[in-house]
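Working notes, structure below.
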Amino acid sequence: MPASKTTSKATSKTRNYRPETQLVHAGTLRSQFAETSEALFLTQGYVYDSAAQAARRFTNEEPGYQYSRFSNPTVTMFEQRMCALEGAEAARATATGMAAVTTALMGQVRAGDHVVASKALFGSCLYVVEEHLPRYGVTSTVVSGTDLDEWRAAMRPNTKTCFLESPTNPALDVLDIKAIAEIAHQAGATLVVDNVFSTPLYQKPLELGADCVVYSATKHIDGQGRCLGGVILGSEKFIQDNVHQLIRQTGPSISPFNAWVLLKGLETLAVRVQRQTDNAATVAVALAGHPKITRLIYPGRPDHPQAEVAHRQMKAGSTLVAFEVDGGKAAAFRFQDALKLVKISNNLGDAKSLITHPATTTHQRITPAQRAELGISDGLVRLSCGLEHPDDLVEDLTIALEAV
Ligand SMILES: Cc1ncc(COP(=O)(O)O)c(C=O)c1O
């Protein structure tokens, strides 16, 4: 939806550029001032040349902006750059990742419908599926995401959509997106994939058969701890049928300022994610045989439980490593408290390395039995690797392990 006073050279559409190039140029709408860096259109509304023009904008006879709850040029640039990166026809940005997940799911269902989801979901996503949707008459079944028979068995005639994240939070299971998309489609349902942990660079759910991809742009896309945001991507039809009106009328819209921060974040996404993934791989190698660590999970390693699926559907490992400290919660706490460089935080995807103890933070709401089922033991910690020098990271982690 380009604005009348901006020009788009549509860099990404004229040639088939590689992701690193798209991340810097795609979707740019240059104003009449020909600025190098994308402009921040910090405006609520837009003015019209005439009453007739205003009327034409509202009936969609004339393209252009009307109100920033619906769309805004800076937001459009962020959405278009995400589309180019993801290979999606359409996108809508949202205020947070949770707004993206909630909108993508709520937009598809009506009372009487059914949703199937993997149980290994970020806590708030599980809340939406298990507690929020049922309030509106939408039932749900949660399955063990890696067990394809469980997905098959959960499908019902009224199943409208399936939802998963892969790799999962925090145990980094890798789910077979292609196979689950086939199961969903055979049952007449769609598949929505939360691609946060893998980033748009390493996994392409739409190419694997998913109908919709959602992101918490708060994570790697900003990647510098500044603002929250989300994005929903899919075909033009999926977005028009399920997402566009819901965002326009109910308003989980992103602020232009946050969209601008995220747009600038995209410019450096490839270099940051590459470096963070290299750091995670280095940490995984350094800690794998450590005597104080009883289990280490990294999607790039051959000993990962779903190594074959990871190899097939992901271009690279992950910026995250999960490992179990010998001695349960007390040992995991001593270890975290002894870290000097790595910060304790439940966030991830940041330039700063962050560590969390899921059993007492992100996953404290679920029961010990549910945690056990998800592989979240009391000794498990999840490390999100940042941009520090890998030797400093390994040093910090190994010195802290001595405190255990
Ligand atoms: C996998 C996953 N999905 C969704 C979200 C929600 O994103 P946000 O915090 O931007 O609402 C998060 C983290 O918070 C997450 O880790």
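The values are calculated or read from the model by the stated rules, or taken from the named source; none is laboratory data. Just so it is clear, the model here is predicted, and its values are computed rather than measured. Please note: Cβ atoms are built from the backbone with ideal geometry, for glycine as well, and neighbour counts cover all protein chains shown. Accessible surface is based on the protein model in full, side chains and every heavy atom, while ligands, DNA and RNA are left aside. Shrake-Rupley method; radii C 1.70, N 1.55, O 1.52, S 1.80 Å.
Of all residues in the stretch 88-103, those that are more than 18 Å from residue 205 (Cβ to Cβ) have Cβ atoms under 9 Å from Cβ atoms of residues that are of a type in the set (S, T, N, Q) and near the ligand (Cβ under 7 Å from one of its atoms), 6 or more apart or on another chain, in 96/216; 96/218; 98/124; 98/216; 102/124. Open to solvent by less than 10 Å² (accessible area, probe 1.4 Å), touching a residue at least 24 places away in the same chain (Cβ under 8 Å), under 27 Å from residue 266 (Cβ atoms) and within 15 Å of the ligand (Cβ to nearest atom), is that true of residue 356? It is true that residue 356 is open to solvent by less than 10 Å² (accessible area, probe 1.4 Å), touching a residue at least 24 places away in the same chain (Cβ under 8 Å), under 27 Å from residue 266 (Cβ atoms) and within 15 Å of the ligand (Cβ to nearest atom).
Among the residues of the stretch 263-291, just one is in contact with a Gly (Cβ under 8 Å, 6 or more places away or on another chain) and open to solvent by 50 Å² or more (accessible area, probe 1.4 Å), namely 268. For the residues 225, 188, the requirement of being surrounded by fewer than 22 Cβ atoms within 10 Å (Cβ to Cβ) and within 16 Å of the ligand (Cβ to nearest atom) singles out 225. Can you confirm whether residue 166 is within 16 Å of the ligand (Cβ to nearest atom), of a type outside the set (Lys, Arg) and in contact with an Asp or Glu (Cβ under 9 Å, 6 or more places away or on another chain)? The answer is yes for residue 166. What are the residues in the stretch 384-404 that are open to solvent by 80 Å² or more (accessible area, probe 1.4 Å) and not hydrophobic (A, V, I, L, M, F, W, C), if any? Once the filter is applied, which keeps residues that are open to solvent by 80 Å² or more (accessible area, probe 1.4 Å) and not hydrophobic (A, V, I, L, M, F, W, C), the stretch 384-404 yields 389, 391, 395, 402. Applying the set (1) under 23 Å from residue 285 (Cβ atoms); (2) charged (D, E, K, R); (3) not in a loop (DSSP other than H, G, I, E, B) to residue 371 leaves exactly one unmet item: (1). Only one entry of 319, 361 meets the criterion of being surrounded by fewer than 16 Cβ atoms within 10 Å (Cβ to Cβ), farther than 21 Å from residue 399 by Cβ and either under 27 Å from the mean Cα position of the chain (by Cα) or modelled with pLDDT of 95 or more (or both), and that entry is 361.
Within the stretch 38-48, is there a residue that is under 30 Å from residue 270 (Cβ atoms), at pLDDT 95 or above, assigned to a helix (DSSP H, G or I) and open to solvent by less than 90 Å² (accessible area, probe 1.4 Å)? Can you show your working first?
At the first step, the residues of the stretch 38-48 found to be under 30 Å from residue 270 (Cβ atoms) are 38-42.
Within this subset, residues satisfying the condition of being at pLDDT 95 or above are 38-42.
Still in the list and also assigned to a helix (DSSP H, G or I): none.
Checked the stretch 38-48: no residue is under 30 Å from residue 270 (Cβ atoms), at pLDDT 95 or above, assigned to a helix (DSSP H, G or I) and open to solvent by less than 90 Å² (accessible area, probe 1.4 Å).
Residues that are in contact with a Pro (Cβ under 6 Å, 6 or more places away or on another chain) and closer than 24 Å to residue 184 by Cα were ranked within the stretch 74-102; the one that is farthest from the ligand (Cβ to nearest atom) is 86. With a requirement of 1 or more residues that are under 29 Å from residue 67 (Cβ atoms), the helices (runs of 4 or more DSSP H) lying completely within the stretch 177-289 that satisfy it span 199-202, 245-250, 256-267. Pairs linking a residue in the stretch 382-395 that is in contact (Cβ under 8 Å) with a residue 60 or more places away in the chain to a residue that is open to solvent by 30 Å² or more (accessible area, probe 1.4 Å) and not in a strand (DSSP E or B), with Cβ atoms under 6 Å and 6 or more positions apart or on different chains, are 386/352; 387/275; 390/282; 394/286.
Looking at 193, 243, 214 in this structure, which one is under 27 Å from residue 38 (Cβ atoms), within 16 Å of the ligand (Cβ to nearest atom) and either buried (at least 24 other Cβ atoms within 10 Å of the Cβ) or of a type in the set (Val, Ile, Thr) (or both)? Walk me through it before giving the result.
Details: 193 fails: under 27 Å from residue 38 (Cβ atoms); 243 fails: within 16 Å of the ligand (Cβ to nearest atom).
On inspection, the qualifying residue turns out to be 214.
The selection criterion, being more than 22 Å from residue 199 (Cβ to Cβ) and of a type in the set (Ser, Thr, Tyr), does not hold for residue 356.
In the condition set (1) at pLDDT 95 or above; (2) in a helix (DSSP H, G or I), residue 35 is compliant with all but (2). Taken as a whole, the condition of being in contact with a strand residue (DSSP E or B) (Cβ under 7 Å, 6 or more places away or on another chain), open to solvent by 10 Å² or more (accessible area, probe 1.4 Å) and more than 16 Å from the ligand (Cβ to nearest atom) applies to residue 236. Which one is most open to solvent (accessible area, probe 1.4 Å) among residues in the stretch 1-32 that are at pLDDT 50 or above, in a loop (DSSP other than H, G, I, E, B) and hydroxyl-bearing (Ser, Thr, Tyr)? Among those that are at pLDDT 50 or above, in a loop (DSSP other than H, G, I, E, B) and hydroxyl-bearing (Ser, Thr, Tyr), it is 17.
Being open to solvent by less than 10 Å² (accessible area, probe 1.4 Å) and within 16 Å of the ligand (Cβ to nearest atom) is the filter here, so list the residues in the stretch 170-185 that pass it. Spell out how you get there, then give the answer.
Going residue by residue through the stretch 170-185, those that are open to solvent by less than 10 Å² (accessible area, probe 1.4 Å) are 170-172, 174-175, 177, 180-181, 184.
Correct list: 170, 171, 172, 174, 175, 177.
For the stretch 322-348, filtering for residues that are surrounded by fewer than 22 Cβ atoms within 10 Å (Cβ to Cβ) and either in a helix (DSSP H, G or I) or among the hydrophobic types (A, V, I, L, M, F, W, C) (or both) leaves 12.
Close Cβ contacts (under 7 Å, 6 or more residues apart or on different chains) running from residues in the stretch 30-54 that are β-branched (Val, Ile, Thr) to residues that are surrounded by 10 or more Cβ atoms within 10 Å (Cβ to Cβ) and modelled with pLDDT of 95 or more comprise 43/68.
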